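Chemist: Questions regarding the structure given below will be posed in turn.
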There are 2 protein chains.
Amino acid sequence: MPVTVDVVALTVRDDALHVLLVERGVEPFRGALALPGGFVLPDERLGEAARRELAEETGVRTPGHLEQLRTYGPLGRDPRGPVLSVAHLLLAPEFGVVHAGSDAGGAAWHPVEHLLRDAAGHPGPDERTGATVAGRRLAFDHERILADGVERARAKLEYSALAAAFCAPEFTIADLRRVYEAVWGVRLDPRNFSRKATGAVGFLEPTGATTSGGTGRPAALYRAARPVPGPVPGRPHGQDPDDAPASVPAVLDPPLMRPSR
Amino acid sequence: MPVTVDVVALTVRDDALHVLLVERGVEPFRGALALPGGFVLPDERLGEAARRELAEETGVRTPGHLEQLRTYGPLGRDPRGPVLSVAHLLLAPEFGVVHAGSDAGGAAWHPVEHLLRDAAGHPGPDERTGATVAGRRLAFDHERILADGVERARAKLEYSALAAAFCAPEFTIADLRRVYEAVWGVRLDPRNFSRKATGAVGFLEPTGATTSGGTGRPAALYRAARPVPGPVPGRPHGQDPDDAPASVPAVLDPPLMRPSR
DNA sequence: CTAATAGTGTCTGTAAGACATTATATA
DNA sequence: TATATAATGTCTTACAGACACTATTAG
């Protein structure tokens, strides 16, 4: 059975959630946008294959948090026949796309909002006009994989410290808040957010430094706290031994933050 | 690449969480306990393969909620070479094990507590003595898969209506509470539990009938509410198009219940 | 009656959300 | 000075958890 990996690489850019897509240079779906990915090599781990394919098609050895999303197929997703795809989710600070590989042209960040029609029936911004934007349909079942990846990212912000994976090594509370606002698509009260974020145990570590140069009062800089030594009893500890070592701590107890309704 | 499915089938029996295991009749790990599973056939869906293997090795066409857990491998898990395993999680009311297949003898329910050493360092009941119980080590990486399945089940009870998947079609609030107590390993206040469970929207549907014959006041009977028509805005809806249609509704908002610390 | 379990009511502490105020930078 | 952003404080309300009480069966 042919086995591939696909990568849903998400970042926050201009206060909006973006996904890294490549333009397919070969059939099937030539010219369509697709998630970066490809076949797993013999004697290669899944996470290794995901990072390798991403590097090959974007030219970047990426930082960020990588985790397995889920497995799709094998039926009804590739016209050439049954193919299994183990999808991965990468949450990373924005990185430049350096290189367009041999079989993938125009790797670039795309706003997620433009790519997903909301399952709840919310019209996408391009759907109000009734026109389908050319080239916006994703190849294979990648639209569903993207939707699942975004859903996972949204859910994980709620109970984990993963928001820091979207930020540079040092960041302000406002940076972090903008991540939540972009991923959840909501507005959060900066004062209440600050109180919750700084009060959560095992989440943030002050660096002592502050921002400078901008307008207004300088903000304190933080980094992600080291992963907790022992998992919290009775709660999943969220380790992922098969993937790369977690770059940020896993599960917070109690849940960090919830989107207000 | 060889692809298999493995099934973590969980149930609540005698107020304790149990997993369905088979004794391996062939090498490798002949004689050891293992999760039911086997190779995916050509042109077979993953969920179909999981239910088929379970039926072949236990003789039962099972009810219950089946979902994909995660994918393991391909390296370092089978001495014969790289094998990918797509693990599945089945949550079901207890069903009798009818049949022992050709390559699997002695399919039976086993208490989960005896099989997992807690990652947090809690000694297992057989570990206090320092003795490893013979035959209790699972084949391959199935101990880790089991741990992940139990972790998933515990987490899902918190924010979904999945506890009903462990119960018969009609059940009492006390039945449901015993599910939470068994899976989480905690004691819950029956009065507060009843108030929360009956008050949660989209969770329970009274049948109008009550229990009879037992001692004490008869209890009202409930069934799982139908899945909500539209997903809650801003929350994952937890549909699983690749698997069988969900037998119980997916995500509840707000989260149903949390284990007290 | 007693025993046993089911279900409802009440209180209290904690915390989320709304919003005011103070602090510290640049222009 | 004005303006902009950061950080802390106050208040109200909702709800989780602790626990008293009532309801309905069997024996």
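Chemist: Quick one: in the range B:185-218, which of the residues that are among the β-branched types (Val, Ile, Thr) and near DNA strand D (Cβ under 9 Å from one of its atoms) is farthest from B:ALA155 (Cα to Cα)? Walk me through it before giving the result.
Modeler: First pass over the range B:185-218, keeping only residues among the β-branched types (Val, Ile, Thr): B:186, B:198, B:201, B:207, B:210-211, B:215.
If we keep only those that are near DNA strand D (Cβ under 9 Å from one of its atoms) as well, we get B:210, B:215.
Values: B:THR210: 30, B:THR215: 34 Å.
For the range B:185-218, the residue satisfying everything is B:THR215.
Chemist: While we're looking at this one, here's another question. Restricting attention to the range A:162-172, report how many residues are more than 21 Å from A:VAL251 (Cβ to Cβ) and within 16 Å of DNA strand C (Cβ to nearest atom). Spell out how you get there, then give the answer.
Modeler: Residues of the range A:162-172 more than 21 Å from A:VAL251 (Cβ to Cβ): A:168-170, A:172.
Okay, now just the ones that are also within 16 Å of DNA strand C (Cβ to nearest atom), so A:172.
Total satisfying the criteria: 1.
Quick grid of which residues meet (1) aromatic (Phe, Trp, Tyr); (2) modelled with pLDDT under 95:
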residue	(1), (2)
B:VAL8	no, no
B:VAL26	no, yes
B:ARG45	no, no
B:GLY59	no, yes
B:PRO63	no, yes
B:TYR72	yes, no
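Chemist: For the range A:70-86, which residues satisfy the criterion of being more than 9 Å from chain B (Cβ to nearest Cβ) and at negative phi?
Modeler: A:ARG77, A:ASP78, A:PRO79, A:ARG80, A:VAL83, A:SER85
Chemist: Within the range A:144-187, count every residue that is surrounded by fewer than 19 Cβ atoms within 10 Å (Cβ to Cβ), within 14 Å of chain B (Cβ to nearest Cβ) and not in a helix (DSSP H, G or I).
Modeler: Residues in the range A:144-187 being surrounded by fewer than 19 Cβ atoms within 10 Å (Cβ to Cβ), within 14 Å of chain B (Cβ to nearest Cβ) and not in a helix (DSSP H, G or I): 3 in total.
Chemist: Kindly provide the set of residues from the range A:201-210 that are more than 9 Å from DNA strand C (Cβ to nearest atom) and either of a type in the set (Ser, Thr, Tyr) or in a loop (DSSP other than H, G, I, E, B) (or both), ordered by number. Steps first, answer last, please.
Modeler: Restricting attention to the range A:201-210, the residues satisfying the condition of being more than 9 Å from DNA strand C (Cβ to nearest atom) are A:201-209.
Residues satisfying the conditions are A:VAL201, A:GLY202, A:PHE203, A:THR207.
Chemist: Please indicate, with yes or no, whether at least one residue in the range A:234-254 is buried (at least 16 other Cβ atoms within 10 Å of the Cβ) and at pLDDT 90 or above.
Modeler: No.
The values are calculated or read from the model by the stated rules, or taken from the named source; none is laboratory data. What you are looking at is a predicted structure, and each value in this text was computed from that prediction instead of being measured. Methodologically, a virtual Cβ is constructed for each residue, glycine included, from the backbone with ideal geometry; neighbour enumeration extends over all protein chains shown.
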